[in-house]
Amino acid sequence: MKVLFLMDSPEYLRFYDSAIEELARRGHEVAISVNNQRDKKPVTGKDAEVLSAWNELSKEELATKKRSSQARQKAMSETSLAIGSLTAPGRPDVDVKGMDVEIASKQVTIDAQVKSPDGQTTTPKTMVFTFQRAVAKKDGQTTEGRWIITNMQQDGGPAKASS
């Protein structure tokens, strides 16, 4: 159960501290919102301890949510890469569920003369390409996907991720 305590003043925390602690101990999600700026009243004593502990929990929760979000983004990105790498052109997407998939990466550096859109040839440029592919295992069979360019850098410049 989620419970929100909304108070006009942090002084009211002392009336509910044992109830808040007991709800949290029983596994309920307890949120406390205090308008401690309204009268610029300082939070002192046990109220300050509770507020400090709550603020620390809020910071930890935010950090955990951020890590979780980053992990989901990475998983989604790797799943998309795996599907693109393992699916043959013109065929339906490969279902990667139930597969043990690893992403292999390699970087290739190329020195090449580049032509600008107006047809002028430039001095040789150094380009660094990142190639990735999926290697999937299922039911004792290993399938290696196609290499896909996933990143490009020029002359040590900023990375340009492909879409």
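Each value in this text was obtained by applying a stated rule to the coordinates, not by laboratory testing. Keep in mind that this is a model prediction, so the values were computed, not measured.
By definition, a body whose alpha carbon gyration tensor gives a ≥ b ≥ c is oblate when a/c is 1.5 or more and a/b is not larger than b/c, and segment 47-143 fits this oblate description.
Contact order for segment 37-125, expressed relative to its length and based on alpha carbon pairs under 8 Å spaced 6+ residues apart, stands at 13 percent. To the nearest 10 degrees, how steep is helix 45-86 against the longest Cα principal axis of the chain, on a 0 to 90 scale? With rounding to tens, the tilt is 20 degrees. So which of K2/K46; K74/K115; K65/K138; K74/K137 end up more than 28 Å apart, counting from Cα to Cα? K74/K115; K65/K138, as the Cα separations exceed 28 Å there.
The Cα atoms of the chain define a convex hull whose projected area, averaged across directions, is 18.9 nm². Its relative contact order, with pairs defined as Cα atoms under 8 Å and 6+ residues apart, puts segment 2-73 at 35 percent. Helix 13-25 axis versus longest C-alpha principal axis of the chain: approximately 50°, rounded to the nearest ten.
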